[in-house]
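See structure below.
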Amino acid sequence: MAIDKSVDAEPYHEGMEDIGTDTLDCVLEKASKLDPYSFSDRDVRRALSSETVDDAGFAALLSPAAEKYMEKMAERARDERLRHFGNSVCLFTPLYISNYCTNGCVYCGFNSKNHINRAKLDLGQVEAELKAIADTGLEEILMLTGESRTHSDIDYICESVSLASKYFTNVGIEVYPMNSDEYRRVQEAGADYVTVFQETYNPERYAELHPYGNKRIFSYRFDAQERALMGGMRGVAFGALLGLDDFRKDALRCGLHASELQRRYPHAEISLSLPRLRPFKHHEDEQIPVGERELLQVSLAYRIFMPYAGQTISTRERPRFRDGIIGLSATKMSAGVSVGIGEHSGKSKGDGQFVISDPRNLEEIVGSIRNAGLQPVMNDYVRT
Ligand code: SF4
């Protein structure tokens, strides 16, 4: 199949790797035949009664028609979650090491034109943060930067990851999309998995929301997980920032993207995240377009469609919602979160990306998980 780059607002920038995959064409083509608004009650019931849910069944579960079947979806999701993950809930914390960014995402506090306090931790400060977090008992960390190849070059990311792997058994990165050889370097430095949010899977809307910077190239971002797997990463995580466009269509494409890569790379550990648009610096009072009920529907649909995939719920959500969803569909949650730069070991050196709604520390989160009859797990992976 010819690779269609017409989804991109501009040609690849110098140095961007084109791996020649047709995953994007395949996902967009599948999604174009499935309209989440066209399904009936019967379609939803059929999906819920099938042993495995196909693409059309997944779309039905994301449809408005499925809203009245939320209890049945929750039962099915709970069963699937128990079968594949038992009672365990994995815990991690994100560590923001730099908030410099060269992109202009209109919905983000780190947008290069937004006037915020910018900071980047030096390696000594990164290590101080890592120690402070490891002392709490956490064993998994997700290292994040804004997307600036100048301020956070590959060497800096590799050195930070290498430090992280001294203190943590599971290290993830959520930084700018890289080429496969760069992912290999970061993997060899100690990273286990890569998270990249596509934000929206609608190329036209994507072009409006990303007016400049490397992120403007839709297909380069879309192929990031595949390049990460080619570079030897063990796991990859996907997410659509729900609320940027029609959330049902974005969730559909995101799930199809994850499942297509699982089909092509059966060994990969796949997980899905559930970010939704939240207030951010200088935009604190903006409307939230996707409510908790809608978010829950997406989470349940993801769980039923990809029962074996991990699912992460972030501190963008309030404690009650997070405590509820971990028993049904989510398998991983962040704890003891600070989104400012350098906050774990001392005073914040730079502003955070968004407003968090669950400020509980690790001990409090562990207590809530146990109260729900679930098992908090600090690490589900043994390095060899
Ligand atoms: S969403 Fe990411 S790439 Fe976009 S402005 Fe924020 S930090 Fe930069």
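Just so it is clear, none of the values below were taken in a lab; they were calculated from the coordinates. Since the model is a prediction, treat every value here as computed from it, not as a measurement. Backbone-built Cβ (ideal geometry, glycine too); neighbour counts: all protein chains shown.
Listed values, structure above:
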| read-out | value |
| --- | --- |
| Size of charge dipole - the stretch 165-251 - debye, nearest 20, with Cβ of Lys, Arg +1 and Asp, Glu -1, no other charges | 180 |
| Spatial extent of the stretch 98-149: Rg and Dmax, with the Cα atoms as the point set, Å | 13.4, 38 |
| Computed Kirkwood radius, in angstrom, where 1/r is averaged over Cα pairs of the stretch 62-137 | 17.1 |
| Calculated diffusion of the stretch 40-189, Stokes-Einstein form, Kirkwood radius summed over Cα pairs, 4 °C and 1.567 mPa s, µm²/s | 69 |
| Quarter of Cα convex hull surface for the stretch 102-255, i.e. mean projection, nm² | 9.3 |
| Dipole of the chain, positive direction: furthest Cα of 50, 266, 289, with charges on the beta-carbon | 50 |
| Dipole-positive endmost among 180, 311, 12 within the chain (Cβ charges, Cα centre) | 311 |
| Tail weight of P(r) past 25 Å, computed on alpha-carbon pairs of the stretch 198-342, percent | 30 |
| Computed [θ] at 222 nm, deg cm²/dmol, the chain (DSSP H ≥ 4; -39,500 (n - 2.57); rounded to nearest 500) | -11500 deg cm²/dmol |
| Relative counts (whole %) of C-alpha pair distances in the chain, using bins that are 10 Å wide | 5, 24, 36, 27, 8, 1 |
| Approximate shape of the stretch 20-98 as ellipsoid semi-axes (Cα gyration tensor, √5λ), whole Å, largest first | 26, 23, 13 |
| Student exercise, the chain dipole from Lys, Arg, Asp, Glu Cβ charges, in Debye to nearest 20 | 840 |
